[in-house]
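Enquirer: Got a structure for you, questions after.
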Amino acid sequence: MKTIAAIPCYNEALAIGSVVLKAIRYVDEVLVVDDGSTDDTVEVATAAGAAVVSHEVNKGKGRAVKTSLRYAVEHGFDALVLLDGDGQHDPDEIPQLIEPISNDAADLVIGFRSLGQMPFYRRFGRVVLEPRNWCGWCRDRFTMRVQGFE
């Protein structure tokens, strides 16, 4: 099975090198989709061994993910793992994500982080900005979350 790790990023020069170096151990190729960064993201990612596709200007993470998907299809990859460029997703977990696909047990695998695995600012945002936490009425009516469905 031909696998790729794609990392959409914007101004992640400080972290992208280590993310690429860790991910490259588990996949056939690492792709960094640079979303118009103004720092050294492209140079660091390239030096770490990643293929790089750059957007001229920042188009948002959604467009960077779409670019990743297109690249994977055009280059004949069987499995794609999306990682964040800031190091919050642990590349050492790539084999666990790919295993159900390689064993034909799943077509799609979505990772999940508990609140304890998130940096404080993410936990704060999830608790404060989550509509279900505002009131009981909201809790009963909002069930869709960023990482999937409940």
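Enquirer: Considering region 59-89 alone, what residues qualify as being assigned to a loop (DSSP other than H, G, I, E, B) and either loosely packed, with under 15 Cβ neighbours inside 10 Å or under 10 Å from the mean Cα position of the chain (by Cα) (or both)? Let's see the steps before the verdict.
Expert: First pass over region 59-89, keeping only residues assigned to a loop (DSSP other than H, G, I, E, B): 59-60, 75-78, 83-89.
Scanning region 59-89 gives Gly60, His75, Gly76, Asp78, Leu83, Asp84, Gly85, Asp86, Gly87, Gln88, His89.
Enquirer: Look through Glu74, Glu93 and report the one residue that is of a type in the set (D, E, K, R), farther than 14 Å from Glu12 by Cα and modelled with pLDDT of 95 or more.
Expert: Values: Glu93 fails: modelled with pLDDT of 95 or more.
Of Glu74, Glu93, the one residue that is of a type in the set (D, E, K, R), farther than 14 Å from Glu12 by Cα and modelled with pLDDT of 95 or more is Glu74.
Enquirer: Hey, could you check region 47-58 for residues that are surrounded by 16 or more Cβ atoms within 10 Å (Cβ to Cβ) and closer than 14 Å to Lys22 by Cα and say which is farthest from the chain's Cα centre (by Cα)?
Expert: Out of the qualifying residues, it is Ala48.
Enquirer: Can you confirm whether region 20-41 contains a residue that is in contact (Cβ under 8 Å) with a residue 40 or more places away in the chain, among the β-branched types (Val, Ile, Thr) and part of a strand (DSSP E or B)? Quick ask: steps written out before the conclusion?
Expert: To start, the set of residues in region 20-41 that are in contact (Cβ under 8 Å) with a residue 40 or more places away in the chain comprises 22-23, 25-29, 31-32, 41.
When the remaining residues are screened for being among the β-branched types (Val, Ile, Thr), the result is 27, 32, 41.
Those still in the list that are part of a strand (DSSP E or B) too: 32.
Yes, there is a match, as at least one residue in region 20-41 is in contact (Cβ under 8 Å) with a residue 40 or more places away in the chain, among the β-branched types (Val, Ile, Thr) and part of a strand (DSSP E or B).
The values are calculated or read from the model by the stated rules, or taken from the named source; none is laboratory data. Computed from a prediction, not measured in an experiment: that's the story for all the values here. Positions of Cβ are backbone-derived with ideal geometry, glycine not excepted, and every protein chain shown enters the neighbour counts.
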